[in-house]
Amino acid sequence: MLEEIKSLSQEIRTRLDEIKSVESLEEFRLEYLVKKGRLQGLLDRLKEVPKELKPAAGKELNVLKKETELAFNQLRESLHTARKNVPEIDITLPGRRGFKGSYHPVMQMYDKMVGVFTDLGFSVAEGPDIEDEQHNFDDLNFAPEHPARDMQDTFFIKSKNNLLLRTHTSPVQIRVMQSMKPPIRCIMPGRVYRNEAISARSLAEFHQIEGLYIDKNVSLAELKGALMIFAKRMYGEDTKFRFRPSYFPFTEPSAEMDITCFLCKGKGCRICKSTGWLEILGCGMVHPNVLKAGGIDPEQYNGYAFGIGIERVTMLTAGITDIRLFYENDIRFLNQF
């Protein structure tokens, strides 16, 4: 037995010297230190040793077990410390190609349009997405029976204050007029909501940029001049345009602005429905009732306002015929921008 203990002790020292990894250390533990390991096997055989040799053999075995456990614990701590200092990645591997993200096409157009108007001297104003009827309809000269108030056009929120999801960013115009004194020159970009069926040309949620200019003796010619600059900056210097009479409750007179189709150059195509023209925005001179609602005296001040759908401009610019493509998250479509 004493010879076996001596032989096992020498074998354990040799094995410990050869261990260089946590994996080989675990193999050592499973062979020598577990309940069915070789050290425990010798301890179990002590009962077979003659009485006169049992004390010496037991002492040697206990010393060997303690020394082995101590050496094992020290080696394990050393290997774990060394492992922490080694990078988890293999720095010798070749580099991986990085893939950069990009702005959504609607957000690209959003920034471009805001940039055009800020260059013209407009500041940027924002307002809440959840509005009340007073700001969204009443102050904008919508009659009580106006169809836009119907549930089919507006997302109303059950509340005591007649709250709703704003149907346009025009309420921000009222808030700006109520909080600032003329002259006022600002744009109101943001998300708007309408209770409409989803189709190739309409969404229930989309983006608008509206503009407002209030001062003394503002003319319709100034409105046309600002919008012509916008059209040329967005679609090219050779762009032709026209203004058609229209109707909006919050402006009088009101108009819609068309530009020559930039795809067919006015010859007529599928995008412009063979007319050679594309509608891009609505505009007009601010109605006196709206000025009064904003706390501005219409006898001293007047102004103009306009509204542009960002998705619509993006569709026209890129020649896209289905607005739903912007929000289907098809990477093949988005990669084109």
Residue count, segment 126-168 (criterion: in a helix (DSSP H, G or I), over 12 Å from PRO249 (Cα atoms) and of a type in the set (A, V, I, L, M)):
0
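Output the residue which, of all residues in segment 129-162 that are without any contact (Cβ under 8 Å) to a residue 40 or more places away in the chain and in contact with a helix residue (DSSP H, G or I) (Cβ under 8 Å, 6 or more places away or on another chain), is surrounded by the fewest Cβ atoms within 10 Å (Cβ to Cβ).
Here the residue is ASN162.
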Taking the options GLY276, GLY319, name whichever one is of a type outside the set (Lys, Arg), modelled with pLDDT under 85 and surrounded by fewer than 15 Cβ atoms within 10 Å (Cβ to Cβ).
GLY319
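Quick one: which residue in SER170, SER219 is polar (S, T, N, Q) and surrounded by fewer than 19 Cβ atoms within 10 Å (Cβ to Cβ)?
SER219
Got a sec? Which of ARG29, ARG13, ARG45 is part of a helix (DSSP H, G or I), farther than 25 Å from LEU75 by Cα and not β-branched (Val, Ile, Thr)?
ARG45
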Just checking, does segment 250-257 include any residue being farther than 27 Å from ASP238 by Cα, touching a Cys at 6+ places or on another chain (Cβ under 9 Å) and at pLDDT 90 or above?
yes
Are there any helices (runs of 4 or more DSSP H) wholly within segment 235-337 with 3 or more residues that are within 23 Å of VAL176 (Cβ to Cβ), and if so which?
288-293
Restricting attention to segment 56-63, does a residue exist that is more than 20 Å from LEU16 (Cβ to Cβ) and in contact (Cβ under 8 Å) with a residue 40 or more places away in the chain?
yes
If we keep just the residues of segment 223-242 that are surrounded by 15 or more Cβ atoms within 10 Å (Cβ to Cβ) and in contact (Cβ under 8 Å) with a residue 40 or more places away in the chain, which is farthest from the chain's Cα centre (by Cα)?
LEU223
One residue is enough: does segment 86-106 have a residue meeting the conditions in a helix (DSSP H, G or I) and in contact (Cβ under 8 Å) with a residue 12 or more places away in the chain?
yes
Considering only residues that are assigned to a helix (DSSP H, G or I) and among the small types (Gly, Ala, Ser), look in segment 213-234 and name the one that is farthest from MET188 (Cα to Cα).
ALA221
Screening ARG97, ARG45 for residues that are under 26 Å from the mean Cα position of the chain (by Cα) and either among the basic types (Lys, Arg) or not assigned by TED's automatic domain parsing to the domain that holds TYR193 (or both) leaves only ARG97
Quick one: count up the residues across segment 185-207 that are touching a residue at least 24 places away in the same chain (Cβ under 8 Å) and not in a loop (DSSP other than H, G, I, E, B).
11
What tally of residues in segment 269-324 results from selecting those that are farther than 25 Å from GLU222 by Cα and of a type in the set (Lys, Arg)?
3
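Only residues that are outside any loop (DSSP other than H, G, I, E, B) and of a type outside the set (Val, Ile, Thr): list them for segment 16-26, please.
LEU16, ASP17, GLU18, GLU23, SER24, LEU25, GLU26
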Specify which of the listed residues (LYS54, LYS112) is of a type in the set (D, E, K, R), assigned by TED's automatic domain parsing to the domain that holds ILE323 and surrounded by 12 or more Cβ atoms within 10 Å (Cβ to Cβ).
LYS112
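Taking the stated definitions as given, is GLU131 more than 24 Å from the chain's Cα centre (by Cα) and farther than 25 Å from THR317 by Cβ?
On the way: more than 24 Å from the chain's Cα centre (by Cα): no; farther than 25 Å from THR317 by Cβ: yes.
Against the criterion (more than 24 Å from the chain's Cα centre (by Cα) and farther than 25 Å from THR317 by Cβ), GLU131 does not qualify.
The values are calculated or read from the model by the stated rules, or taken from the named source; none is laboratory data. Quantities reported herein were computed from a predicted structural model and do not represent experimental measurements. FYI the Cβ positions are ideal-geometry reconstructions off the backbone, even for glycines, and counts take in every protein chain you see.
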